[in-house]
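Take a look at the structure below.
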Amino acid sequence: MYIDGKKIDKLLKSLKIKFFIWAFFVVISVYGIISGFTENSELADNMVTYIQFTVLFSVLAYLNFRKSNLIKSAYLYNNIFVHDAYGYIRLSELASKLNKTNDSVTKEIEKLLKLKILINISLELGSSQKIMLNKPNSSDNLNESIECPYCGAKITKRSGFTVKCEYCDSEIK
């Protein structure tokens, strides 16, 4: 995996909370603007303030939306990086796969690296622009071959997990 799942979960949670807060203030500001056009003179006096708040919170909600799209891009990049066999991907090749320009892909990856969402990669800019992939530790996905203590069958399982023997249906830790 080339993304930090915990960081993404934390970021998505904060983005959702911020979005609802900003949307709430946008609704209140729009209500103030609409009420200002009616006979309520107090709200009409504060019309400029309500318009400023509406613009401000709308911009904040838009920036929040863009950051959530950036997270979607992180998952897309992760899917591409996981299936790479060479340890690097040329930036032009990645951009052509995504139908984007090299600059937009570079900016997105730089933002994701700055937010520490993308991990185990490095961006190499220069004459040959490429993304170097550092394969995650194999100890995270370690499979082990063991012998069933009840029937003697060879079984492959992930380290730390319990599995049932295919032959005698006994649980093996």
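What about residue 68, is it of a type in the set (Ser, Thr, Tyr), surrounded by fewer than 16 Cβ atoms within 10 Å (Cβ to Cβ) and touching a Leu at 6+ places or on another chain (Cβ under 8 Å)? Yes.
Of all the criteria given as (1) under 19 Å from the mean Cα position of the chain (by Cα); (2) part of a loop (DSSP other than H, G, I, E, B); (3) at pLDDT 85 or above; (4) exposed (fewer than 15 other Cβ atoms within 10 Å of the Cβ), the one not satisfied by residue 100 is (4). For residue 89, the conditions (1) in a helix (DSSP H, G or I); (2) in contact with a strand residue (DSSP E or B) (Cβ under 6 Å, 6 or more places away or on another chain) are fulfilled apart from (1).
Residues of region 103-136 being part of a loop (DSSP other than H, G, I, E, B) and buried (at least 18 other Cβ atoms within 10 Å of the Cβ), which ones?
Answer for region 103-136, where residues must be part of a loop (DSSP other than H, G, I, E, B) and buried (at least 18 other Cβ atoms within 10 Å of the Cβ): just 117.
All conditions but one from (1) small (Gly, Ala, Ser); (2) over 23 Å from residue 15 (Cβ atoms); (3) out of contact with any strand residue (DSSP E or B) (no Cβ under 7 Å at 6 or more places or on another chain) apply to residue 159; the one that does not is (3).
The values are calculated or read from the model by the stated rules, or taken from the named source; none is laboratory data. This is a predicted model, so every value here is computed, not measured. All Cβ positions, glycine included, derive from the backbone under ideal geometry; neighbour counts span all protein chains shown.
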